[in-house]
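Have a look at the structure below before the remarks.
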Amino acid sequence: MDKAKIYIMRILGGYGNSQILNTALEFDIFTHIANGANNIEELAIKTNTDKKALSILLDALIALNLLKKQNDSYCLTPISETYLVKDKPQYMGDFRYTALWAYEGMVHLKETVKTGRSVQRLGLENPDSYWEKLGLGLAHFTRPSADYVCRILNDLPEKAKVLDIGGGCGIFAATLLKHYSTIDFYQLDLAEVNQMAREFLASEGIDVDKAHFIDGDVKKTELPKEHFNLVILSNICHHEDPLGNMELFKKAYKTLVFGGKIIINDFFVNDNYSSPRFSLLFRTMLLVMNSKGEVYRFKEYKEWLNVAGFKDIEIYHPIPKTYEDVAIIIGHK
């Protein structure tokens, strides 16, 4: 069969591969193997699953280059050993929450394209749980952005007050507190999400008392005027329409001291919506899940930030060790 046909078949069948990996992660297959349970008998007991069905799943993971087989024993590959074993520093299994959120929505893409309306709203049934899991899923590729911010923030005051609006799992809190131990860090998010962030900070070896958590809605919670030196909006703007983003930027401007900065970490598209690749695909996911959401262009960010009062807009791209679609934008008050 020619390569073009195989390529199309792989696209149409891609959902199956995601479910194979998700099921393996649900049963902690890679972690069990890393801990020594490497044959079908041991793994079936550890996972409380049907032996034959489990063996088919394990063999499918071989086809995906996530396992190897030596006689009757299963072994990890370099990819699964590095990224899919729990408690490893680069574990990214929680990204499945983000991927499955997208999968559930994409089932309705045909209907959305016909009507122009989102069919499944973001976290509508259990919003706290939704945002908590999404925060975990986003953490693995947000860390490089947080690291990069620390590299370019060369004038942050020693006693700076920093606010992360919608901080999720706390990746910016953990990263900045490691680099700037004397700053006063605040995170505004839902109560359940903030609790997850506390646990994340503890897992990173950071004193949880170094961070202050504000339980509330990112748009409705009132913030003090001219109080913070730095405001962070990471992976928030693509959930909002232009008006929502301008409101957030104005809110950030009011709560910043003069000389303060806003930092935006998010996906972007080029001016004619032809790249980068992931952002183009991500726009369809937002389409079915969130009628307000969109992936925006640099010129739109600049316009909204200027309207809010920010000057000297800086754009940093690409960001090392993360998606080519991610950029950091800084505005000055």
| note | Distance in nm between VAL113 and ILE11 label points, each 7 Å along Cα→Cβ, equals 1.0 nm
| field | Dipole magnitude (debye, nearest 20) for region 259-333, charges at Cβ of Lys, Arg, Asp, Glu | value | 120 debye
| message | If you restrict to DSSP beta bridges whose two residues both lie in the chain, what percentage is antiparallel, to the nearest 5? | response | 40 percent
| task | Could you state the angle between the C-alpha long axis of helix 95-106 and the longest principal axis of the C-alpha atoms of the chain, as a value from 0 to 90 degrees rounded to the nearest 10? | result | 90 degrees
| said: I'd like the projected area of region 3-91, averaged over all directions, using the convex hull of its alpha carbons. Report it in nm² with one decimal. | reply: 6.5 nm²
| Set LYS161/LYS311; LYS114/LYS254; LYS178/LYS251; LYS69/LYS178; LYS88/LYS261; LYS110/LYS302 screened for pairs whose C-alpha atoms are more than 31 Å apart | LYS114/LYS254; LYS69/LYS178; LYS88/LYS261; LYS110/LYS302
| said: Among LEU153, LEU12, ASN235, whose Cα projects farthest towards the positive end of the dipole of the chain, with charges put on the beta-carbon of Lys, Arg (+1) and Asp, Glu (-1)? | reply: LEU12
| query | In whole Å, what are the Cα extents of region 189-329 along the three principal axes, biggest one first? | reply | 45, 34, 30
| Acute angle (nearest 10 degrees) that the helix 14-26 long axis makes with the longest principal axis of the chain, alpha-carbon atoms | 90 degrees
| task | Note down the magnitude of the dipole of the chain about its Cα centre, charges +1 on Lys and Arg C-beta and -1 on Asp and Glu C-beta and zero elsewhere, to the nearest 20 debye. | result | 840 debye
| remark: Counting only residues 5 or more apart in sequence or on a different chain, those whose built amide H sits under 5 Å from that of LYS161 are ASP184, ASN229, LEU230
| query | So how long is each side of the chain along the principal axes, counting just the alpha-carbon atoms, biggest first, in Å? | reply | 67, 49, 35
| task | Please report the relative contact order for the chain, taking Cα pairs under 8 Å with a sequence separation of at least 6, and give it as a percent rounded to a whole number. | result | 13 percent
| Angle between the chain longest axis and helix 51-63 axis [Cα atoms, degrees, rounded to 10] | 60 degrees
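All of the numbers you see were taken from the coordinates with simple rules; none came from a lab. Given the structure is predicted, the values throughout are model-derived calculations rather than measurements. As a convention, Cβ positions derive from the backbone with ideal geometry for all residues, glycine included, and neighbour counts pool all protein chains shown.
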